[in-house]
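What follows is one structure encoded as structure tokens, with my remarks underneath.
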Amino acid sequence: MARAAVQRQITRRAAFGGMAAVAASPALAQAPECRVGAPEHAKGPLVWMDLDQVELDAAYDQAFYAPLRLEILKRQAAASAAMRARMGEPLRESYGPSAVEQLDIFRAKHANAPVFVFIHGGAWLGGSAKDHAFPAEMFVSAGAHYVALDFIAIREAGGDLRVMAEQVRRGIAWVYRNAEKFGGDRDRLYIGGHSSGGHLCGVALVTDWQKDFGLPADTVKGGLCMSGMLISRRCGSPSAAPTSSSPTRWSRR
């Protein structure tokens with residue numbers, strides 16, 4: 001009797017599973033292809049190492065290598081909104097003359113706390129401090145202030161990454177100079193960035209703070225470059241010197 005009952009249960013499970021698969025099949029058939037890599041094309045002349053122009057363009061377009069990126073961005077924005085609902089809105093401050101040069105400060109509960117400045121990614125094309133607020137709760141709970149920078153996008157900067165880098169460095173300098181105003185310890189200032197923000201973080205880490213901003217050489221005590229491109233060279237010349245937007249070039253200034 002027990003064996004017969006088990007067989008009937010298995011049969012019911014199989015039936016329900018089969019019906020679910022049939023019901024889902026139209027949706028699966030309509031799902032977009034999750035292709036990774038450059039689009040199919042006839043190989044053209046090489047323009048960078050073993051890449052033709054189509055492949056090189058695809059290498060700089062996240063749509064070809066992160067097909068689920070839009071879902072990830074939506075999840076980050078939703079997580080940031082949920083975090084603000086729990087913790088409240090941040091302190092919003094301006095660090096430079098243009099409208100975009102602002103930053104969000106999520107303050108720790110205790111005074112004289114260390115400060116972490118986050119530089120968002122977005123392929124240098126976009127992104128915002130608002131949608132990268134989600135890590136703040138972790139830092140604040142650990143006793144550190146979390147600061148997220150807003151800065152110009154590459155198109156608005158006329159294609160010049162140096163304009164973006166200058167704003168990011170200016171924002172970090174502002175945090176150092178004004179840390180005491182929001183209860184921060186400027187002698188425990190750390191920075192980090194993800195993707196294109198990782199590149200900008202690298203530029204900031206090799207900044208000559210004394211020469212460029214009149215600040216101590218060790219203004220930034222440490223940094224975390226997450227998935228950033230840290231060496232950039234001109235196309236067609238792999239052995240060329242790093243461009244002016246490369247952190248390795250900035251370190252030689």
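Calculated on C-alpha atoms, the gyration radius of segment 144-230 divided by its Kirkwood radius gives an Rg/Rh of 0.96. The residues Tyr60, Tyr190, Tyr146, when put in order of fewest to most other Cβ atoms within 10 Å, stand as Tyr60, Tyr190, Tyr146.
If R0 is taken as 22 Å, the Cβ-Cβ distance between Glu156 and Leu46 corresponds to a FRET efficiency of 0.10.
Remark: for residue pairs Lys181/Lys221; Lys109/Lys130; Lys74/Lys181; Lys130/Lys181; Lys74/Lys221; Lys74/Lys109, the C-alpha separation exceeds 27 Å in Lys74/Lys181; Lys74/Lys221; Lys74/Lys109.
Charges at C-beta only: +1 for Lys and Arg, -1 for Asp and Glu. How large is the resulting dipole of segment 88-250 about its Cα centre, in Debye rounded to 20? It would help to have the intermediate numbers written out before the result.
Details: 17 positive and 16 negative charges, 64 e Å.
It comes to approximately 300 debye.
Of the trypsin sites (Lys or Arg not before Pro) in segment 133-184, the ones in a loop by DSSP (not H, G, I, E or B) with at most 10 other beta carbons within 10 Å are Arg155.
Regarding segment 88-250, what whole-number volume in Å³ per residue does the convex hull of its Cα atoms give?
Numbers: hull volume 17.7 nm³, N = 163.
For segment 88-250, the hull spanned by Cα atoms encloses 108 Å³ per residue.
Cα centroids of segment 140-182 and segment 57-131: how far apart, whole angstrom? Each part reduced to its Cα centre gives a spacing of 11 Å.
Loop-resident GluC sites (Glu not before Pro) (DSSP state other than H, G, I, E or B) in segment 34-71 with no more than 15 further Cβ atoms inside 10 Å of their Cβ: Glu40. Spacing of the modelled spin labels on Leu125 and Gln53, each 7 Å from Cα toward Cβ, amounts to 1.9 nm.
Every read-out reported here was derived from the displayed coordinates using simple, explicitly stated rules and does not represent laboratory data. Note that the structure is a prediction, hence the values are computed from the model and not measured. Positions of Cβ are generated from backbone atoms using ideal geometry, with glycine treated the same way; all protein chains shown enter the neighbour counts.
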